[in-house]
Structure formats: structure tokens, C-alpha cells
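A short write-up of the structure that comes next.
The values are calculated or read from the model by the stated rules, or taken from the named source; none is laboratory data. This one's a predicted model, so the numbers in the text were calculated from it and none came from an experiment. Cβ: placed from backbone, ideal geometry, glycine included. Neighbour counts: every protein chain shown.
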Amino acid sequence: IKNGWFTESNDLWPGQRTSLEIEEILYEGRSEFQNIMVLKSKSRGRILILDGIIQCTEHDEFSYQEMISFLPLCAHPNPKKVLIVGGGDGGVAREIAKHPLVEEIIQVEIDAKVVEVSKKYLPFMAEGFRSPKMKLKICDGFEYMRRHQMEFDVIVTDSSDPIGPAVNLFTESYFQLLKRALKSNGIICSQAGTVWVGIEHAKTTIDNCKKHFNVVKYALASVPTYPTGQIGFLLGSLDEGNVLDEPKNVFDENESKEMGLRYYNEDVHRSAFVLPNFVRRVFQF
Ligand code: AAT
């Protein structure tokens with residue numbers, strides 16, 4: 001933070017920075033795993049920052065949290081039991097708990113301090129932890145996965161970028177563990193970077209996933225405060241017949257309003273998988 005502006009810079013997106021004007025530092029501290037900051041910005045509400053990287057801002061988090069949750073949930077005919085890996089702010093849990101077919105949510109977050117800070121300073125996201133469907137476990141997602149088999153309908157990996165504790169969550173062995181932890185028609189969805197810078201990282205993650213999943217697709221959403229203003233999601237299905245881009249359960253406008261959906265709808269679902277030529281060519285879709 002310098003002269004009232006926070007600047008995000010990282011080697012994953014070299015040569016560019018995102019800056020937001022700050023009104024107040026609400027929290028700053030260190031956990032066992034990372035540096036944690038909550039700032040109040042002038043134009044984007046409150047911001048959660050881990051190791052200098054923006055995880056979400058109050059004004060645009062709904063785009064990311066709805067899409068990473070409802071793309072896999074609605075691609076599945078009957079998502080009863082869901083696992084979330086990461087997502088310490090609670091935003092993904094908040095979204096998944098809204099789905100009427102979901103009965104049970106297990107969340108595995110590595111850092112208890114992120115949860116504690118989010119409950120205090122980001123209550124509009126942390127409300128996810130209050131759902132009666134929710135069970136929160138504090139441990140490494142990779143380690144948790146080793147101990148679970150044939151258990152989940154959907155697994156959402158709401159992970160930090162591939163640095164620090166999240167590196168493992170993009171590897172081939174992680175996708176192998178995900179496959180084992182899923183039921184036979186299970187679906188996964190992972191945060192998978194941006195196509196505008198470092199597209200080769202997304203390509204590597206897709207290739208790792210393709211080694212273990214029959215259907216692999218990539219979907220796009222816009223999130224103005226993430227690097228390049230855009231983020232992609234990797235979806236994988238064990239069921240060969242599931243094309244993933246066709247929602248199985250749909251919500252009409254009234255239901256969407258009641259659920260507080262501001263970004264996701266069935267047309268957005270289909271269109272998210274439509275990729276520009278340069279992306280298709282790199283991913284070989
Ligand atoms: N909900 C949007 C914000 C995130 S949060 C990513 C979370 O993943 C953090 O809470 C972090 O502590 C957790 N995490 C990291 N590694 C692991 C692990 N190995 N096991 C479990 N949880 C982990 C994502 C932001 C994306 C940013 C895009 N630039």
C-alpha cells in the first residue's frame with residue numbers, strides 16, 4: 001500500500017498490476033500459511049488479500065462464486081453431496097447451500113485464520129458457514145482427498161493461484177485423487193486462471209485433468225478485479241455422456257431472484273463454454 005493505493009503484482013502475470021484506492025486497513029496479520037489483509041476500498045467495497053493477491057472484492061465476488069458453484073451443480077442431474085476445497089471466505093459455501101438439491105456440504109480449508117478473519121470482516125460471504133448443510137474441516141485439501149473414495153457428486157476447488165499451499169491443487173496426482181473421491185457420475189470444477197496471460201498454465205492444468213476425466217471443458221467469467229478482468233474454470237466429468245455445457249436443472253427468473261443469483265442463469269451457463277479461436281487452438285478443444 002502506497003499513497004492510499006493497494007497494488008497487486010505477481011510473476012504469474014508479469015508486466016501488469018492492478019491498483020485499488022484504499023480508505024482503510026481493516027485487518028492485517030500473518031497465519032501459519034500466508035499473509036492476510038482485509039482492506040476497505042473506495043470503489044469495490046471490502047477486499048480480501050492473501051500473500052498480496054486479491055482473492056475477492058465485495059462488489060464483484062458474486063460473479064466468481066456463483067459461476068464456480070452453479071456451473072458444476074447445474075451440470076449434474078442430482079448434486080446431493082458436495083465437497084469444497086479452499087474457499088476460506090465462505091462465498092462458495094454460501095452459493096452451494098442455495099441449490100435446492102444439495103443436502104450435504106463438506107468444506108476443507110487449509111487456513112483457519114482466513115475463516116476467522118472472513119467471519120469478522122466479510123460477513124456477506126462468511127454467511128456460507130452458517131448453513132445447516134455445512135461441515136467445515138481445517139486441513140490440506142490434497143491430504144483430505146487421499147482419505148476419501150466414491151463419496152461426492154460434485155467437488156469444487158476454490159483454490160488460490162498455484163503458489164504456496166495451493167501448488168498441489170493443479171497437479172495430475174490431484175486430479176487422480178479427485179476422480180477417486182467422486183461417485184461414478186461425478187463432476188469437478190476448479191479455478192483455472194486466465195486465458196489472457198499465462199494461458200500455458202491453464203493448458204497444463206487441463207492436460208493434467210484430461211488424463212483422468214472423460215469429459216473436460218473450460219468456461220469463462222468476467223471478474224473486473226482479477227488479473228485481466230477475467231477468470232476461467234475447468235470442469236471435468238466422469239460420465240462420458242455428460243456434455244457439461246447443458247444445464248440439467250434450471251431456475252426461472254423468480255427462483256433466481258429468490259436465490260439472490262446476480263450473474264448465473266441458464267443462458268450464461270451455455271455461453272460460458274463458448275471459447276474464442278485462440279483459446280480453442282491452445283486447449284485443442
Ligand atoms: N472465494 C474466492 C477466493 C479464493 S480463496 C482460496 C482459498 O484456498 C484460501 O482461503 C486459501 O487459504 C485456500 N487454500 C490454498 N491452498 C489450499 C490447500 N492446499 N487446501 C485447502 N485450502 C487451500 C480463490 C481466489 C482466486 C484468485 C485468482 N487470482
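Results, tabulated for the structure shown:
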| item | result |
| --- | --- |
| Index of the failed condition, Arg17 passing every other in (1) more than 14 Å from the ligand (Cβ to nearest atom); (2) more than 30 Å from Glu266 (Cα to Cα) | (1) |
| Restricting segment 85-117 to residues that are among the small types (Gly, Ala, Ser) and touching a strand residue (DSSP E or B) at 6+ places or on another chain (Cβ under 7 Å), the residue that is farthest from the ligand (Cβ to nearest atom) | Ala97 |
| Residues within segment 238-285 that are part of a loop (DSSP other than H, G, I, E, B), in contact (Cβ under 8 Å) with a residue 40 or more places away in the chain, over 24 Å from Ala202 (Cα atoms) and out of contact with any Pro (no Cβ under 7 Å at 6 or more places or on another chain), tallied | 5 |
| Criterion violated by Ile22 - all others in (1) surrounded by 15 or more Cβ atoms within 10 Å (Cβ to Cβ); (2) more than 25 Å from Pro165 (Cα to Cα); (3) within 22 Å of the chain's Cα centre (by Cα) satisfied | (3) |
| Subset tally (residues that are under 26 Å from Arg17 (Cβ atoms) and either more than 16 Å from the ligand (Cβ to nearest atom) or crowded, with 16+ Cβ neighbours inside 10 Å (or both)) for segment 143-196 | 15 |
| Set Glu8, Glu24, Glu28: member being more than 30 Å from Asn265 (Cα to Cα), at pLDDT 95 or above and within 14 Å of the ligand (Cβ to nearest atom) | Glu8 |
| Filtered residue count, segment 57-103, keeping only those that are more than 12 Å from Met259 (Cβ to Cβ), polar (S, T, N, Q) and assigned to a helix (DSSP H, G or I) | 2 |
| Subset of segment 204-228 (residues that are closer than 13 Å to Glu172 by Cα and not in a helix (DSSP H, G or I)) | Lys211, His212, Phe213 |
